[in-house]
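Chemist: Let me give you the structure first, and then I'll get to my questions.
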Amino acid sequence: MSGINIFEDALDRLKLIAEEAGINAEVVEALSHPEALIKAALPVRMDDGSMRYFRGYRCRYNSILGPTKGGLRFHPQVTIEEVQALALWMSIKCALVGLPFGGAKGGVEVDPKTLSPMELERLSRAYVRAMADFIGPKVDIPAPDVYTNERIMGWMLDEYEAIKRIRAPSVITGKPVRLGGSLGREAATGRGAFLCIQELAEREGWTPSEKRVAIQGFGNAGYHVARLLQEAGYCIVALSDSKGGIYSEGGFDIESIWHHKRTESAMRGVYCEHTVCELVEHEQIDNEALLALDVDILIPAALEGVITVKNAKRIRASYIVEIANGPILSAAEPILEKAGVMVVPDVLANAGGVTVSYFEWVQNRSGYAWTLEEVNQRLEEVMSKAFNEVWTIAKSEQRSLRSAAYIHAVRRIGEAVSAHGTREYFASS
Ligand code: NAD
């Protein structure tokens with residue numbers, strides 16, 4: 001990561017866009033302060049009998065539109081600033097796609113790859129013990145993010161229900177289907193990004209087979225978008241994870257690489273038929289080189305702050321679709337704009353995850369489960385509407401898609417702030 005205070009960077013971007021669009025200063029002020037922030041020490045008994053303390057955070061950023069919602073990240077570089085930035089972006093995202101939620105986020109400073117499965121379970125439960133009075137189905141609802149998954153959400157739900165002595169599946173989303181999770185949630189973030197690319201293809205008039213794609217971060221979201229793009233005819237020429245990347249001029253078979261990564265914990269250019277895998281000619285590349293590849297669509301799907309003023313001029317893609325939250329630092333944005341790179345911003349491109357999390361919460365609260373077709377169809381409706389609204393503002397007000405997305409979201413939050421009365425109302429009465 002860049003070493004920049006990512007929360008200040010996020011606030012600067014918000015203020016700049018709001019000022020340019022003439023958004024009420026009181027609304028911007030309301031969005032400049034997280035409502036509540038908790039930092040906790042999480043005691044975990046390790047397998048060797050020792051006790052370790054991990055630092056955990058949860059931020060409820062802004063609840064004017066509803067209970068707060070946001071993922072939980074396990075990563076060694078989690079900081080309080082990062083958690084606040086991610087929670088702010090969640091507030092913008094939920095407002096943008098019209099969900100009755102505010103934004104939140106959580107994190108634990110840990111490298112989960114160094115823990116045994118039982119230590120990971122104890123850490124997940126310790127997090128919920130620390131946060132049990134801070135989260136809740138009508139207050140703040142966590143979900144998975146980087147290096148957390150549905151099994152971890154299942155442990156957390158179990159711990160919450162044991163503490164509260166009630167059944168409360170709607171306290172957490174992204175949990176296993178048998179524990180009340182929604183069909184389609186696991187693929188939802190990748191699917192939402194894929195739907196944005198389809199909307200873009202329609203407006204820009206291209207056919208999938210013409211386009212070459214590079215994806216940084218072949219995790220949950222990166223895998224699903226890659227799979228859907230390949231099914232639609234796109235050529236995925238580069239993929240990476242935390243250990244490095246692979247490039248092949250002719251493209252990769254996504255299912256084979258995913259299978260290989262899961263079984264061997266390594267990424268190589270392979271093609272597998274049944275259980276037999278053959279090596280496909282490919283080049284090993286690092287994550288920096290992946291960003292600079294001569295591709296049409298670049299999809300950062302790992303961490304924030306990877307595109308900076310230093311490397312922005314090396315980007316050769318015409319389109320960047322941000323699945324990761326905050327992959328482009330605000331200072332790098334004008335460089336990309338000048339070079340004519342169109343950016344589909346994180347608050348739109350990765351909103352499929354929180355949208356299906358909302359569907360999961362609705363299903364839990366109504367006690368009625370939807371089919372996969374219903375989930376995917378409703379997701380498509382939400383994404384298509386949001387994309388269209390952002391596109392329309394961008395065209396009619398001559399703005400970038402990010403600026404249009406922020407304006408749309410902040411205007412919605414502004415309407416809720418005004419409903420309580422602002423300076424203009426009180427000063428004139
Ligand atoms: P994940 O843990 O499943 O995958 C993350 C991937 O990124 C892994 O393959 C990891 O190896 C790779 N990675 C880590 N550090 C890297 C680095 N320095 N360079 C390249 N790759 C690196 O996480 P995910 O759920 O797929 O989330 C990915 C991004 O999408 C995050 O920014 C997250 O906030 C965002 N996001 C996720 C969701 C969701 O529902 N999962 C929703 C919205 C946004």
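Chemist: Of the conditions (1) more than 25 Å from residue 7 (Cβ to Cβ); (2) in contact with a Ser or Thr (Cβ under 9 Å, 6 or more places away or on another chain), residue 366 satisfies every one except a single condition; which number is it?
Modeler: (2)
Chemist: Tell me, which residue of region 232-286 that is more than 25 Å from the chain's Cα centre (by Cα), among the hydroxyl-bearing types (Ser, Thr, Tyr) and at pLDDT below 90 is surrounded by the fewest Cβ atoms within 10 Å (Cβ to Cβ)? Spell out how you get there, then give the answer.
Modeler: Our first condition is that a residue be more than 25 Å from the chain's Cα centre (by Cα); within region 232-286, this holds for 248-251, 263-264, 268-284.
Within this subset, residues satisfying the condition of being among the hydroxyl-bearing types (Ser, Thr, Tyr) are 248, 263, 271, 275.
From what is left, the residues that are at pLDDT below 90 are 263, 271, 275.
Values: 263: 11, 271: 15, 275: 7.
The qualifying residue surrounded by the fewest Cβ atoms within 10 Å (Cβ to Cβ) is 275.
Chemist: Output the qualifying pairs, or none if there are none: Cβ atoms under 9 angstrom, residues six or more apart or on different chains, first residue in region 1-30 and more than 15 Å from residue 330 (Cβ to Cβ) and not assigned by TED's automatic domain parsing to the domain that holds residue 331, second residue assigned to a loop (DSSP other than H, G, I, E, B) and among the hydroxyl-bearing types (Ser, Thr, Tyr).
Modeler: Hits for this filter: 24/422; 26/422; 27/422.
Chemist: Under 7 Å by Cβ, and 6 or more places apart or on different chains, what pairs join a residue from region 400-411 that is on the phi < 0 side of the Ramachandran plot with one that is small (Gly, Ala, Ser) and at pLDDT below 95?
Modeler: 407/21; 410/18
Chemist: Are there any pairs, at least 6 apart or on different chains, whose C-beta atoms fall under 7 Å, with the first in region 201-225 and farther than 17 Å from residue 316 by Cβ and touching a residue at least 60 places away in the same chain (Cβ under 8 Å) and the second of a type outside the set (D, E, K, R) and surrounded by fewer than 23 Cβ atoms within 10 Å (Cβ to Cβ), and if so, which?
Modeler: Sorted first by the residue in region 201-225, then by its partner, the pairs are 203/391; 217/302; 218/267.
Chemist: From the list 374, 322, pick out the single residue that is out of contact with any Gly (no Cβ under 8 Å at 6 or more places or on another chain), surrounded by 23 or more Cβ atoms within 10 Å (Cβ to Cβ) and not assigned by TED's automatic domain parsing to the domain that holds residue 89. Write out each step before concluding.
Modeler: Working: 374 fails: surrounded by 23 or more Cβ atoms within 10 Å (Cβ to Cβ).
322 is the lone residue from the list that is out of contact with any Gly (no Cβ under 8 Å at 6 or more places or on another chain), surrounded by 23 or more Cβ atoms within 10 Å (Cβ to Cβ) and not assigned by TED's automatic domain parsing to the domain that holds residue 89.
Chemist: OK, next. Which of (1) touching a strand residue (DSSP E or B) at 6+ places or on another chain (Cβ under 9 Å); (2) surrounded by 24 or more Cβ atoms within 10 Å (Cβ to Cβ); (3) under 20 Å from residue 198 (Cβ atoms) is the odd one out, the single condition residue 342 does not satisfy?
Modeler: Unmet condition: (2).
Chemist: Here's another thing I want to ask about it. Of everything in region 210-247, what is more than 12 Å from the ligand (Cβ to nearest atom) and assigned to a loop (DSSP other than H, G, I, E, B)? Give them in sequence order.
Modeler: 211, 233, 234
Chemist: Here is a further query. Restricting attention to region 47-96, which residues are assigned to a helix (DSSP H, G or I), away from the ligand (no atom under 11 Å from the Cβ) and of a type in the set (Asp, Glu)?
Modeler: The one that is assigned to a helix (DSSP H, G or I), away from the ligand (no atom under 11 Å from the Cβ) and of a type in the set (Asp, Glu): 81.
Chemist: A further question on this structure: Taking the conditions exactly as written (more than 19 Å from residue 190 (Cα to Cα), in a helix (DSSP H, G or I) and modelled with pLDDT of 95 or more), does residue 391 satisfy them or not?
Modeler: The answer is yes for residue 391.
Chemist: List the residue pairs whose Cβ atoms are under 7 Å apart, where the first residue sits in region 352-368 and is surrounded by 23 or more Cβ atoms within 10 Å (Cβ to Cβ), the second is among the basic types (Lys, Arg) and not in a helix (DSSP H, G or I), and the two are 6 or more positions apart or on different chains.
Modeler: 354/69; 357/69
Chemist: Does any residue of region 47-62 turn out to be hydroxyl-bearing (Ser, Thr, Tyr), without any contact (Cβ under 8 Å) to a residue 12 or more places away in the chain and over 21 Å from residue 414 (Cβ atoms)?
Modeler: Among the residues of region 47-62, at least one is hydroxyl-bearing (Ser, Thr, Tyr), without any contact (Cβ under 8 Å) to a residue 12 or more places away in the chain and over 21 Å from residue 414 (Cβ atoms), which makes the answer yes.
Chemist: Can you find even one residue in region 169-178 that is within 17 Å of residue 345 (Cα to Cα), of a type in the set (Lys, Arg), at pLDDT 95 or above and surrounded by 24 or more Cβ atoms within 10 Å (Cβ to Cβ)?
Modeler: no
Chemist: Output the residues belonging to region 1-46 that are within 16 Å of the ligand (Cβ to nearest atom) and not in a helix (DSSP H, G or I).
Modeler: So in region 1-46, the residues within 16 Å of the ligand (Cβ to nearest atom) come out as 1-4, 6-7, 9-10.
Of everything in region 1-46, those that are within 16 Å of the ligand (Cβ to nearest atom) and not in a helix (DSSP H, G or I) turn out to be 1, 2, 3, 4.
Chemist: For region 381-398, enumerate the residues that are over 16 Å from residue 203 (Cα atoms) and crowded, with 18+ Cβ neighbours inside 10 Å.
Modeler: 382
Chemist: In region 202-209, is there at least one residue being within 12 Å of the ligand (Cβ to nearest atom), of a type outside the set (Phe, Trp, Tyr), at pLDDT 95 or above and under 28 Å from residue 385 (Cβ atoms)?
Modeler: No: zero hits.
Chemist: Of the residues that sit in region 140-172 and are assigned to a loop (DSSP other than H, G, I, E, B) and among the basic types (Lys, Arg), which one is farthest from the ligand (Cβ to nearest atom)?
Modeler: Looking at residues that are assigned to a loop (DSSP other than H, G, I, E, B) and among the basic types (Lys, Arg), I get 165.
The values are calculated or read from the model by the stated rules, or taken from the named source; none is laboratory data. The shown structure was predicted, so the numbers you read here are calculated from the model rather than taken from an experiment. In this analysis, Cβ positions are derived from the backbone assuming ideal geometry, glycine residues included, and neighbour counts consider all displayed protein chains.
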